[in-house]
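Read through the structure below, which is laid out as structure tokens, and then see the notes.
The numbers here are math on the coordinates, done by the rules we state, and not lab data. The structure presented is a predicted model; accordingly, all values stated were derived computationally and were not measured. A quick note on method: Cβ atoms are made from the backbone with ideal geometry, for glycine too, and the neighbour counts reach across all protein chains shown.
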Amino acid sequence: MRKGDQTRDTILAAALSSASALGLEGLSIGKLARETGLSKSGLFAHFGSKEELQIQVLDRAAELFTNRVVRAGITAPRGEARVRSLLEHYLDWADSRTIPGGCVFMSASFELDDRPGPVRDALIDHVKDLRGVFRKAASLAMESGDFRADLDPSQFAFDVHAVALAYHVQLRLFEDPGARQRVWNSIERILAAARAA
């Protein structure tokens with residue numbers, strides 16, 4: 001890896017950690033410069049603008065999500081087993097302590113919901129991709145016969161995402177030690193409704 005790429009990776013890792021805890025708007029070029037040992041101008045040379053930095057933080061989060069949730073989850077056989085595996089990894093992602101504020105997509109969804117612009121557009125694309133993972137998994141579970149043939153995979157993905165958002169709030173805002181059990185109670189109801197007779 002070239003030195004410039006290593007520097008960029010270092011900046012993005014620090015920025016993702018900061019954005020997950022403080023929000024994308026809370027990203028500070030000065031703080032990142034101090035954390036990474038770069039000058040502000042050196043840091044800006046990698047991104048050109050705070051907006052571009054925010055978009056690349058979301059892109060980095062999407063790469064990590066793909067590695068930690070999608071690639072890990074699809075090792076399970078197609079059908080309900082894969083859906084469960086993806087959900088387990090998704091919850092692990094949401095409550096990961098390696099990213100201090102949890103899922104940046106979830107927190108940014110509240111932060112950017114009423115702020116049009118390129119950063120919000122990038123977030124929407126990533127959330128659509130996230131839902132697409134569960135839509136595809138549900139479709140494969142329908143094909144395997146685990147889920148009923150008339151299931152709406154888009155509704156299934158919506159329901160899973162809604163429960164994950166509630167989990168984020170219960171875990172992060174309320175600091176509920178029982179949040180994981182609560183979310184699985186809800187997921188079990190969603191899975192039972194999706195299951196073939």
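Do you know which residues across the range 101-123 are more than 24 Å from residue 184 (Cβ to Cβ) and exposed (fewer than 14 other Cβ atoms within 10 Å of the Cβ)?
113, 114, 115, 116, 117, 118, 121, listed by residue number.
Got a number for residues in the range 26-62 being among the small types (Gly, Ala, Ser) and more than 21 Å from residue 107 (Cβ to Cβ)?
9
Quick check on my filter: what residues within the range 95-114 are more than 8 Å from residue 20 (Cβ to Cβ) and of a type outside the set (Gly, Ala, Ser)?
Matches in the range 95-114: 95, 97, 98, 105, 106, 110, 111, 112, 113, 114.
Within the group 53, 38, which residue is part of a loop (DSSP other than H, G, I, E, B) and surrounded by 18 or more Cβ atoms within 10 Å (Cβ to Cβ)?
Only one candidate passes the filter, namely 38.
Only one of (1) under 23 Å from residue 97 (Cα atoms); (2) among the aliphatic types (A, V, I, L, M); (3) in contact (Cβ under 8 Å) with a residue 40 or more places away in the chain; (4) out of contact with any helix residue (DSSP H, G or I) (no Cβ under 6 Å at 6 or more places or on another chain) fails for residue 171. Which number is that?
(4)
Can you tell me which of 72, 76 is touching a helix residue (DSSP H, G or I) at 6+ places or on another chain (Cβ under 8 Å) and assigned to a loop (DSSP other than H, G, I, E, B)?
76
Give the number of residues within the range 1-30 that are outside any helix (DSSP H, G or I) and within 15 Å of the chain's Cα centre (by Cα).
Residues that pass the stated criteria total 2.
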